[in-house]
1. Given the condition open to solvent by less than 60 Å² (accessible area, probe 1.4 Å), within 16 Å of the ligand (Cβ to nearest atom) and among the charged types (D, E, K, R), answer yes or no: does some residue in region 29-43 qualify?
2. List, please: which pairs have Cβ atoms under 7 Å, are six or more places apart or on different chains, and start with a residue in region 30-43 that is part of a helix (DSSP H, G or I) and end with one that is open to solvent by 60 Å² or more (accessible area, probe 1.4 Å) and not hydroxyl-bearing (Ser, Thr, Tyr)?
3. Somewhere in region 46-65, is a residue under 16 Å from the mean Cα position of the chain (by Cα) and under 26 Å from residue 173 (Cβ atoms)?
4. Is it fair to say residue 12 is surrounded by 20 or more Cβ atoms within 10 Å (Cβ to Cβ) and among the polar types (S, T, N, Q)?
5. In region 136-161, what count of residues is obtained for those that are open to solvent by less than 50 Å² (accessible area, probe 1.4 Å) and more than 16 Å from the ligand (Cβ to nearest atom)?
6. Only one residue in 133, 111, 121 is out of contact with any Gly (no Cβ under 6 Å at 6 or more places or on another chain), more than 16 Å from the ligand (Cβ to nearest atom), among the aliphatic types (A, V, I, L, M) and not in a helix (DSSP H, G or I). Which one?
7. Which residues, counting only those in region 7-30, are within 17 Å of residue 156 (Cα to Cα) and of a type in the set (Val, Ile, Thr)?
8. State which residue is most open to solvent (accessible area, probe 1.4 Å) when the search covers only region 77-92 and only residues that are over 14 Å from the mean Cα position of the chain (by Cα) and in contact (Cβ under 8 Å) with a residue 12 or more places away in the chain.
Amino acid sequence: MSDLNLLVVVSSTRPGRVGLPVSQWFVDAAKAHGGFQVSVADLAEENLPLLDEPHHPRLGRYQHDHTKRWSEKVAAADAIVFVIPEYNYSLGAATKNAIDYLHNEWRYKPASVVSYGGVSAGTRSAMALHAVAYGVNLFTISQQVNIPFVSNQIVEGRFDPSSTTESAANAMLDELRKVAEAMKPLRA
Ligand SMILES: Cc1cc2nc3c(=O)[nH]c(=O)nc-3n(C[C@H](O)[C@H](O)[C@H](O)COP(=O)(O)O)c2cc1C
């Protein structure tokens, strides 16, 4: 059994979101990979309001239960994968908001994305996440999964990945595991 925890963040909160079947596929792929204990945080269920904490998150002086719950989940992770859509050439607001809520919980952890969209495969959203991650010492790795024309790959409500997508997921998880292990002393 792996000693490293991977948190998969389902980032789209829209009713009917494609993000759910894509996340379900990725969670299964991560479990089959075997490098991590896998847990899931669905931002639709976390239901975080627009940032409503009075103090800078660096201080950890959280006033609200929703923040304390979110903090605990992220703190328990050794690595994070955000499953992200691309909205207007960038990140969805829910993802940015969820990152802004916390600070030290992200520190010295490797992260990557499963991004999806139209022709861009969510890569502009992935680059936007990279910039935000920089602010909280969350280390995005370059190995990621980018899914173009995602809606064409939803069959009866399930995501049906191409072999390229499956290989990309395994390559990303291999690298994420390596970096999570190497950064462990920094998180101690
Ligand atoms: C507000 C909004 C903005 C969008 N902007 C983009 C975009 O910039 N690039 C893109 O490839 N797709 C864009 N799309 C299409 C999404 O890729 C597609 O709707 C996808 O299903 C969204 O993910 P979700 O269903 O998990 O929310 C946009 C969709 C919405 C709702």
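The values are calculated or read from the model by the stated rules, or taken from the named source; none is laboratory data. Note that the structure is a prediction, hence the values are computed from the model and not measured. Methodologically, a virtual Cβ is constructed for each residue, glycine included, from the backbone with ideal geometry; neighbour enumeration extends over all protein chains shown. Keep in mind that these areas ignore ligands, DNA and RNA; they rest on the heavy atoms of the full protein, side chains included. Shrake-Rupley method; radii C 1.70, N 1.55, O 1.52, S 1.80 Å.
1. Kept after step one, since they are open to solvent by less than 60 Å² (accessible area, probe 1.4 Å), are these residues of region 29-43: 29-30, 33-36, 38-39, 41-43.
If we keep only those that are within 16 Å of the ligand (Cβ to nearest atom) too, we end up with 41-43.
Adding the requirement that they be among the charged types (D, E, K, R) leaves 42.
Checked region 29-43: at least one residue is open to solvent by less than 60 Å² (accessible area, probe 1.4 Å), within 16 Å of the ligand (Cβ to nearest atom) and among the charged types (D, E, K, R).
2. As it stands, the answer is 33/170, since those pairs meet every condition given.
3. Yes; the residues of region 46-65 include at least one that is under 16 Å from the mean Cα position of the chain (by Cα) and under 26 Å from residue 173 (Cβ atoms).
4. Yes: the conditions hold for residue 12.
5. Total satisfying the criteria: 4.
6. Working: 133 fails: not in a helix (DSSP H, G or I); 121 fails: more than 16 Å from the ligand (Cβ to nearest atom).
Step by step, each of 133, 111, 121 is checked, and only 111 is out of contact with any Gly (no Cβ under 6 Å at 6 or more places or on another chain), more than 16 Å from the ligand (Cβ to nearest atom), among the aliphatic types (A, V, I, L, M) and not in a helix (DSSP H, G or I).
7. Answer for region 7-30, where residues must be within 17 Å of residue 156 (Cα to Cα) and of a type in the set (Val, Ile, Thr): 18, 22.
8. As a first pass, look at region 77-92 and keep what is over 14 Å from the mean Cα position of the chain (by Cα): 87-90.
Of the ones still in play, those that are also in contact (Cβ under 8 Å) with a residue 12 or more places away in the chain are 87, 89-90.
Working: 87: 84, 89: 156, 90: 44 Å².
In this case the residue turns out to be 89.
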